[in-house]
Amino acid sequence: MNTKQETTPSPEGQRQLETLLQAVGKTLEKKRRLGQYAVTWKDGKPIVAGEDAPGASDNAP
């Protein structure tokens, strides 16, 4: 089978990616301002961050 894999997105794909990144950035900033937690991925694992994150009181001194 002959398949072609592109390493860079098309111009339309790049615009879509930029739009998604902006939307995610705005949403995360809004959650931060409201004091809400957010779940993101880092090194293949979910990371829960924020003042009201589940388990956040467990880490308090």
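The table for this structure:
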quantity	calculated
Lys26 vs. criteria farther than 23 Å from Gly55 by Cβ and either in a helix (DSSP H, G or I) or in contact with a strand residue (DSSP E or B) (Cβ under 7 Å, 6 or more places away or on another chain) (or both)	yes
Residue count for region 1-33, restricted to those that are loosely packed, with under 11 Cβ neighbours inside 10 Å and hydrophobic (A, V, I, L, M, F, W, C)	4
Single residue of region 1-23 satisfying the filter (β-branched (Val, Ile, Thr) and part of a loop (DSSP other than H, G, I, E, B)) that is modelled with the lowest pLDDT	Thr3
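The values are calculated or read from the model by the stated rules, or taken from the named source; none is laboratory data. Here the structure is a predicted model, which means the values were calculated and not measured. Positions of Cβ are backbone-derived with ideal geometry, glycine not excepted, and every protein chain shown enters the neighbour counts.
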